[in-house]
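Participant: Dropping the structure in here first, questions after.
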Amino acid sequence: MLVIPDLGSSVLTARVVLDDRPAPDVVIVDAPFVEGAMAAAVIAGTGADLAAAVAAAEEARDVRKL
């Protein structure tokens, strides 16, 4: 599972939850919220693995809009 927090407090919340309930298949990603979520969803929809979805979300940060 991929977690893309939108604000600083949600990063803290996600980290606290994962500290209380560690899950090796959950990754917190530093990516733009909307663009990262869309990129990860599209890649995951193709059947790609978690690492590819994480990479797609992170790459969304560098996409030029104009």
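The values are calculated or read from the model by the stated rules, or taken from the named source; none is laboratory data. Just so you know, these numbers come straight off a predicted model, no measurement behind them. Reconstructed Cβ throughout: ideal geometry from the backbone, glycine too, with neighbour counts over all protein chains shown. For accessibility, only protein heavy atoms count, side chains too; no ligands or nucleic acids. Shrake-Rupley method; radii C 1.70, N 1.55, O 1.52, S 1.80 Å.
Participant: Can you give me the angle between helix 33-45 and the longest principal axis of the chain, using Cα atoms only, in degrees from 0 to 90, rounded to the nearest 10?
Facilitator: Between the helix axis and the principal axis of the chain, the angle is about 80 degrees.
Participant: Starting at the first residue of the stretch 48-57, write each ³J(HN,Hα) from the Karplus equation 6.51 cos²θ - 1.76 cosθ + 1.60 with θ = phi - 60°, in whole Hz, x for Gly and Pro.
Facilitator: 5, 7, 4, 4, 5, 5, 4, 4, 5, 5
Participant: Considering only protein heavy atoms and a 1.4 Å probe, what is the carbon-and-sulfur percentage of the accessible area of the chain? The partial results should precede the final answer.
Facilitator: Numbers: 2950 of 4760 Å².
After summing per-atom areas, the C and S share lands at 62 percent.
Participant: Same structure again: Under the classification rounded if a/c is under 1.5, otherwise prolate if a/b is larger than b/c and oblate if not, where does the chain fall, given a ≥ b ≥ c as square roots of the Cα gyration tensor eigenvalues?
Facilitator: Values: a/c = 2.98, a/b = 1.37, b/c = 2.17.
Verdict is oblate for the chain.
Participant: Quick one: accessible area per residue over the chain, 1.4 Å probe, rounded to a whole number of Å²?
Facilitator: On the way: 4760 Å² over 66 residues.
Dividing the accessible area of the chain by its residue count gives 72 Å².
Participant: For the chain, what does the relative contact order come out to in percent, with C-alpha contacts under 8 Å and a separation of six or more?
Facilitator: Values: 76 pairs, mean separation 23.2, N = 66.
Relative contact order comes out at 35 percent.
Participant: Going highest first, how would you order 23-30, 2-9 by mean Cβ packing within 10 Å?
Facilitator: 2-9, 23-30
Participant: Under the rule of at least 5 residues apart or a separate chain, name every residue whose amide H is placed under 5 Å from the amide H of Ile28.
Facilitator: So Ile28 has HN proximity to Val3.
Participant: Which whole-Hz ³J(HN,Hα) couplings does the stretch 12-29 yield from phi under the Karplus relation 6.51 cos²θ - 1.76 cosθ + 1.60, θ = phi - 60°, glycine and proline marked x?
Facilitator: In residue order, the calculated couplings are 4, 4, 4, 5, 5, 4, 6, 5, 6, 9, x, 9, x, 9, 10, 10, 8, 10 Hz.
Participant: In debye, nearest 20: dipole of the chain around its Cα centre with unit charges on the Cβ of K, R (+) and D, E (-)? Walk me through the numbers on the way to the answer.
Facilitator: Values: 5 positive and 10 negative charges, 34 e Å.
That gives the chain a dipole magnitude of about 160 debye.
Participant: Here's another thing I want to ask about it. With n ≥ 4 as the cut-off for DSSP H runs, can you work out [θ] at 222 nm for the chain, using -39500 (n - 2.57) per run divided by the number of residues, rounded to the nearest 500?
Facilitator: On the way: 3 runs with 36 residues, N = 66.
Taking each H run of at least 4 residues, the total per residue is -17000 deg cm²/dmol.
Participant: Using a 1.4 Å probe, how large is the accessible area of Thr13, given in Å² and rounded to the nearest 10?
Facilitator: 80
Participant: How large is ³J(HN,Hα), in whole Hz, for each residue of the stretch 58-66 in order, when computed from phi with the Karplus curve 6.51 cos²θ - 1.76 cosθ + 1.60 and θ = phi - 60°, using x for Gly and Pro?
Facilitator: Once θ is set to phi - 60°, the couplings for the stretch 58-66 become 5, 5, 4, 4, 9, 6, 6, 9, 10 Hz.
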